[in-house]
Protein chains: 2
Amino acid sequence: MSQQTVTPADITARALASFDACESPRLKELLQALVRHLHAFATEVELTQAEWEQAIGILTATGDITTDQRQEFILWSDTLGLSMLVDAMANPSPPGATESTVLGPFHIDGSIPRTYGESIAERPGGSPTWFSGHVRSLDGSPIAGARLDVWQNDETVNLYPVQDPDAPEQHLRGLFETRDDGSYAFLALRPTDYTIPEDGPVGAMIAATGRHAWRPAHLHLIASAPGHRSVVTHFFDARSPHLDSDVVFAVKPSLVRPLVHHPAGDPDAPPGVDGEWWSCETDVVLVPEA
Amino acid sequence: MSQQTVTPADITARALASFDACESPRLKELLQALVRHLHAFATEVELTQAEWEQAIGILTATGDITTDQRQEFILWSDTLGLSMLVDAMANPSPPGATESTVLGPFHIDGSIPRTYGESIAERPGGSPTWFSGHVRSLDGSPIAGARLDVWQNDETVNLYPVQDPDAPEQHLRGLFETRDDGSYAFLALRPTDYTIPEDGPVGAMIAATGRHAWRPAHLHLIASAPGHRSVVTHFFDARSPHLDSDVVFAVKPSLVRPLVHHPAGDPDAPPGVDGEWWSCETDVVLVPEA
């Protein structure tokens, strides 16, 4: 019998060839590219069997901690920059359009419609922040009836309501429509910097590599309007100390917003606001569909 | 505010730089290479957001089906050729040594010691097959007291005993030691071609890409001896129709063995064998530790 040895390159060639008969050209392209890059990674770093076993253990632990409420695989994609890379390829923005960024794991379907100027806070606490502006098309024309789906975390507990069993069902989220002149406004809270979940395999990676787990404070929104591409994005608080080191790489310079401080007793305070408050006036610019 | 856009290359650069402060040089190397190759893959294929969502769904389903008894992440590694690639890098074999191959998911610790020539079959059925030979060092000298840990599937049900709730506890596995002259022998069954589990995400990939799920028939063994590198390997049945298309790429030419047929009534039949039987005489050659 032959003593011909099988080299690492032979194995890569065989794995690639195993997909030669795949009838879907796109599936074939994806899997052959996956094999090629996966093998190139393992070959370049000379991955050891012990490291391979650790990797299998990490993937298994990632599966174990993932539930309907906790998506650790997405957290890997986010913290390795893959989510933002896919976003950047999918959503190139022409100059002047509101750029996209990650959806994140805390969006919930089923937020309720709210009226112009309404508060999304369903319990006391936090720093009132008035968001207002217009939704416009790329040529600057206002869009009536555009929809804004907004959500944010709660600075009093540093959590998104979906993470907080004590939060009222509709706390800190809502659906708004622009008025006939394209204007929108709502009363939110000042968002706060927070850490991604640190108790799973991703948190262990962050700790072991000397990274930090912080995300800079932001308001989430999905803006949509008939005849326009929807945009999933954030507005980041310009005062966050973590704008340059977002753990999921989601900051784009065009999405950073100054929040203006107003002292207590300001006669322009939104209805129901007695103490100090903040404001952010910003437009959302959507790209017409081709 | 700036309308400077963030390019895919910017995102890759940021993700790489996030590991610059990692204190472990090896961990830094592994994670930066992982990011570089992962981003190169996504960039090359222009991975869409829908495909990214499918990938997250597949990883989640892989976690959901993985249990203590079923390791779907290893099955991905096996069917994409990664397991054999890591094996080939870890275990280069000098000419004449028994080459390694995958461990596979069906090895169980705690097999019982058995005596020279004993049968590993704990219930009737199957085609008796007499494995015999010597365990030798690379220079040809026999090794006394070398250990062989063997296991195989059952051709009557196409399953490994660990998959078969009706199988006796120690069915088709056992620990053997070589005699003073380095010889070993045991009575096994003729192994059979079988398919990897097809009811999970890996099975769906195999079906969607037009591959088949077969592995060629083989006996598993782990051979070890003091002063020598252990080897995890198979002996493949030369008559298998799947030697050139093993779904996990584990076949090496040097591991293929002819099984010799013996008719019923053969006076050389092993004790207790009445009908036809098979034999395989083969040495196992271990590499001395450096």
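The values are calculated or read from the model by the stated rules, or taken from the named source; none is laboratory data. Worth saying up front: this structure is predicted, and the values here are computed from it rather than measured. FYI the Cβ positions are ideal-geometry reconstructions off the backbone, even for glycines, and counts take in every protein chain you see.
Would you kindly identify the strands (runs of 3 or more DSSP E) lying entirely within region A:174-254 that contain at least 2 residues that are of a type in the set (Val, Ile, Thr)?
Numbers: elements: A:183-189, A:218-224, A:231-237.
Result: A:231-237.
One line per residue, one yes/no per condition, for (1) assigned to a helix (DSSP H, G or I); (2) more than 9 Å from chain A (Cβ to nearest Cβ); (3) modelled with pLDDT of 95 or more:
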| position | (1), (2), (3) |
| --- | --- |
| B:VAL35 | yes, no, yes |
| B:ALA40 | yes, no, yes |
| B:GLU44 | yes, no, yes |
| B:ASP78 | yes, yes, yes |
| B:VAL102 | no, yes, no |
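Take region A:139-160 and flag every residue that is among the β-branched types (Val, Ile, Thr) and part of a loop (DSSP other than H, G, I, E, B). Please lay out each step first, then the result.
First, pick out the residues of region A:139-160 that are among the β-branched types (Val, Ile, Thr): A:143, A:150, A:156-157.
Selection gives A:ILE143, A:THR156, A:VAL157.
Of the residues making up region A:1-35, those that are of a type outside the set (Gly, Ala, Ser) and over 27 Å from B:PHE236 (Cβ atoms) are A:GLU23, A:PRO25, A:ARG26, A:LEU27, A:LYS28, A:GLU29, A:LEU30, A:LEU34. The residue that is nearest to B:SER127 (Cα to Cα), counting only those in region B:212-253 that are among the basic types (Lys, Arg) and either without any contact (Cβ under 8 Å) to a residue 60 or more places away in the chain or away from chain A (no Cβ under 13 Å) (or both), is B:ARG239. Cβ-Cβ contacts under 9 Å between residues 6 or more apart (or on different chains), taken from a first residue in region B:190-201 that is closer than 21 Å to B:ASP64 by Cα to a second residue that is in a loop (DSSP other than H, G, I, E, B) and of a type in the set (Ser, Thr, Tyr), are listed as B:GLY200/B:THR66. Scanning region A:255-268 for residues that are modelled with pLDDT under 95 and either touching a Leu at 6+ places or on another chain (Cβ under 9 Å) or surrounded by 14 or more Cβ atoms within 10 Å (Cβ to Cβ) (or both) turns up just one, A:ASP266.
On the given criteria, is B:VAL247 among the aliphatic types (A, V, I, L, M) and modelled with pLDDT under 95?
no
Restricting A:LEU221, A:LEU189, A:LEU172 to those that are touching a helix residue (DSSP H, G or I) at 6+ places or on another chain (Cβ under 8 Å), more than 29 Å from A:ALA61 (Cβ to Cβ) and surrounded by 16 or more Cβ atoms within 10 Å (Cβ to Cβ) reduces the list to A:LEU172. Here B:VAL157 meets each of (1) among the aliphatic types (A, V, I, L, M); (2) within 18 Å of the chain's Cα centre (by Cα); (3) modelled with pLDDT under 95 with one exception, condition (2).
Note on region A:12-26: among residues that are under 14 Å from B:ARG211 (Cβ atoms) and surrounded by fewer than 16 Cβ atoms within 10 Å (Cβ to Cβ), the one that is nearest to the other protein chains (Cβ to nearest Cβ) is A:ALA21. Within region B:83-99, is there a residue that is more than 8 Å from chain A (Cβ to nearest Cβ) and either closer than 25 Å to A:THR66 by Cβ or surrounded by 19 or more Cβ atoms within 10 Å (Cβ to Cβ) (or both)? Yes.
If you go through region B:139-169 and keep only what is closer than 27 Å to B:VAL285 by Cα and crowded, with 17+ Cβ neighbours inside 10 Å, you end up with B:ILE143, B:ALA146, B:ARG147, B:LEU148, B:ASP149, B:VAL150, B:TRP151, B:GLN152, B:ASN153, B:ASP154, B:TYR160.
Identify the residue in region A:46-76 that is on the phi < 0 side of the Ramachandran plot and part of a loop (DSSP other than H, G, I, E, B) and, among all such residues, is farthest from the other protein chains (Cβ to nearest Cβ).
Start the filter on region A:46-76 by keeping residues that are on the phi < 0 side of the Ramachandran plot, which leaves A:47-76.
When the remaining residues are screened for being part of a loop (DSSP other than H, G, I, E, B), the result is A:47-48, A:66, A:68-69, A:71.
On the way: A:LEU47: 6, A:THR48: 6, A:THR66: 6, A:ASP68: 10, A:GLN69: 13, A:GLN71: 7 Å.
This residue is A:GLN69.
Taking region A:268-290, which residues are among the polar types (S, T, N, Q) and either outside any strand (DSSP E or B) or free of Cβ contacts under 8 Å to residues at least 12 places away in the same chain (or both)? Of everything in region A:268-290, just one residue is among the polar types (S, T, N, Q) and either outside any strand (DSSP E or B) or free of Cβ contacts under 8 Å to residues at least 12 places away in the same chain (or both), namely A:THR282.
Among the residues making up region A:1-11, a single one is more than 7 Å from chain B (Cβ to nearest Cβ) and either in contact with a Lys or Arg (Cβ under 8 Å, 6 or more places away or on another chain) or buried (at least 16 other Cβ atoms within 10 Å of the Cβ) (or both): A:ASP10.
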